[in-house]
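See structure below.
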Amino acid sequence: MGKNNFSNDNYFFRRKTESENGYALTFDDILCLPGYTDFDPKDVSIDTTIGPFSFKLPIFSAAMDTVTETEMAIQMALLGGLGVIHRNCPYDRQLSMVKKVKRARSFIVREVATVHPTDTDVQVKLKMEQFGVSGFVVLDENDKVIGIVTARDLPYDQNKKFLVKDIMTKNPICASEKISQKQAIQKLYEIRKEKLPLVNKDNELVGLITRKDLRPEFPDASKDKDGRLLCGLGISPTLPSNPMDLETFKKIDELVDIFFTDVADVYKRDDLNGIKAIMENTQTPIVLGNIGTFEAAEAILTKWDFPDDKLLGLKVGMGSGSICITTIQTGIGAPTLFATAEVADAIQMYNPKIALIADGGLKNSGDLIKAFAAGADATMSGHFFAGCTESPGYIDTIGGRKVKVYRGMGSKEARATGTYAFDRYSNVKKLAEGVSDYVPFVGDVSGVMEQLCEGLRNGLVYGGAQTIQQAKHIKIRKITHAGKIESSAHDLLSRK
Ligand code: XMP
């Protein structure tokens, strides 16, 4: 596998998916052919990269308000994928969600909960509840570390009054702010403590490392260089016009890892100009989307001069999402499989460093490998995750089945929340381009991911590809209506 070099063939992916012959095929129109497997199934890797970011799972959750908020983003990153927080809310709400993700499993906690030696039992217990923590670093009036107090230090008699200075462990062992993760693990082991305050040369508190945050509970977690979880964010294609929003947006920019322009069809002069302005005024790299054709990718990669370090990837697919009705309403669309192959050829031709994210329309784990065979580096889905415990919203019951609401960002229901994401679509504000419906409740995202990844790994083994990059060489064939029936369960008592 890997001998057939697609970088020398300008039509490699379009020919594979027959867009060359005038077809705009979808996942259900094709299957992938088996290939020769010369590796051990346990050596299959589904790792992928988007610019400088590495992911153990090539699956991202969509920027939709019934899919990705804090809880989903944390869980997706812990499992090795990426959650892209939606934009159907004010900027300060986005900031607060991003902050929570970036603080969730940080190797170094920067905003440390502290108390003073003269704080009372009432103040300490109240703070423990408020911050949801079981211990504090004790600071003197000059912000120097003089002690640690934890729940274990509280008197057994719950009514007993005390001051922090009476119960704290004095002069705790601290470490330099420059400590590495490996050194911190060793140090905490040596001192047999739960918490290690970090101080600067003047003994002022600059951070805290806790044993809990160093535990490799999630070995595949997607992390930044400081050990914090990676977080994606859906954004408008224009900079905020209101100065207060702009200020908040700048704060978001300092924290978040990847912006995803969240637009149904971004191949528009005004949107692309807006994105240029965003790139000039922010530091966060951008995945630009959505687009659906070779022509759009070619123009973006050759005519728009987006800086290399800012343009990380292209996100593709239009009208193919399970909640989308854009193609019904407007007649325009680009099925995700077709769009992937079109844009993959443009990327190979003009800038192979650009990542390609196939967005929407994935219904089964088998669709993942189809997306990779068509040239994708990662996939994005709302459909897979809207019914999970971690998606926003309540679990309802319909006809005895547990369900959750899943709505398109262009649905009337999502638009009723406010005008935050109106510029996701064209200027006609009243036309619904999405629907709202129920999806079955499917439990924790970890279970869903496990199934998806198992399907993907087995697909790679059958296809004879050991990695996502090698999957791009897997052959594709169009299937007939009869073939489609045959590839699903058939001719059984309940499936004619
Ligand atoms: P799935 O198939 O995972 O698709 O449900 C999710 C993707 O669909 C896009 N999206 C929409 N497209 N109208 C549209 O035409 C909408 O209301 C809408 N809401 C989301 C989006 O790209 C998402 O990732």
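The numbers here are math on the coordinates, done by the rules we state, and not lab data. All values reported here derive from a predicted model rather than from experimental measurement. All Cβ positions, glycine included, derive from the backbone under ideal geometry; neighbour counts span all protein chains shown.
Long hydrophobic helices in the chain: the complete DSSP H runs spanning 24 Å or more by Cα along their own axis with mean Kyte-Doolittle hydropathy of at least -0.5 are 445-463. Annotation for region 142-219: chymotrypsin sites (Phe, Trp or Tyr not before Pro) lying in DSSP loop with at most 11 further Cβ atoms inside 10 Å of their Cβ are Tyr156.
Taken as Cα centroids, region 162-189 and region 1-62 sit 49 Å apart, rounded to the nearest whole angstrom.
The distance from the alpha carbon centre of region 443-496 to that of region 96-155 is 49 Å, rounded to a whole number.
Could you pull out the trypsin sites (Lys or Arg not before Pro) across region 26-124 that fall in loop regions by DSSP (anything but H, G, I, E, B) with no more than 14 other Cβ atoms inside 10 Å? Sites meeting the loop and neighbour criteria: Arg110. Simple spin-label estimate for Glu190 and Asn242 gives 5.3 nm between the two label positions (7 Å along the Cα-to-Cβ direction from each Cα).
Note on Ser494/Tyr350: beta-carbon distance plugged into 1/(1 + (r/R0)^6) with R0 of 56 Å gives a FRET efficiency of 0.65. Entry note, the chain: relative contact order of 22 percent, from Cα contacts under 8 Å with a spacing of 6+ residues. Taking 0.36 nm per residue of separation and subtracting the Cα-Cα distance, full extension of the segment from Leu163 to Ile395 would add 79.0 nm. FRET efficiency for the pair Thr120 and Thr417, taken as 1/(1 + (r/R0)^6) with r the Cβ-Cβ distance and R0 = 56 Å, rounds to 0.80.
Amide H contacts of Ala355: Gly51, Gly313, Leu314, each under 5 Å away and 5 or more positions distant or on a separate chain (H built 1.01 Å from N in the peptide plane; Pro and chain starts excluded). Using the Cβ-Cβ distance between Lys127 and Lys276 with R0 = 51 Å, the FRET efficiency computed as 1/(1 + (r/R0)^6) comes to roughly 0.65.
Ranked for footprinting exposure by Cβ neighbours inside 10 Å, fewest first, Met349, Met76, Met244 give Met244, Met349, Met76.
Each Lys and Arg Cβ is given +1 and each Asp and Glu Cβ -1; about its Cα centre, region 141-264 then shows a dipole of about 800 debye. Restricting attention to region 59-151, close to 55% of DSSP beta bridges with both partner residues there are antiparallel. The modelled label-to-label distance for the pair Asn171/Lys363, using points 7 Å beyond Cα in the direction of Cβ, is 7.1 nm. In terms of surrounding Cβ atoms within a 10 Å radius of their Cβ, Leu208, Leu492, Leu31 rank from fewest to most as Leu492, Leu31, Leu208.
A crude spin-label estimate for the pair Lys212 and Gln183, with each label 7 Å from Cα along the Cβ direction, gives 2.6 nm. Amide H contacts for Gly434 (H built 1.01 Å from N in the peptide plane; partners 5 or more residues away or on another chain; cut-off under 5 Å): Ile325, Gly410, Ser411, Lys412. In plain terms, the residue of Thr480, Thr48 with the fewest other Cβ atoms within 10 Å comes first and the most crowded comes last, giving Thr480, Thr48.
The length gained on full extension between Asn142 and Asp437, counted as 0.36 nm times the residue separation minus their Cα-Cα distance, comes to 100.5 nm. Estimated from helices alone, the mean residue ellipticity of the chain at 222 nm is -9000 deg cm²/dmol (sum of -39500 (n - 2.57) over DSSP H runs with n ≥ 4, per residue).
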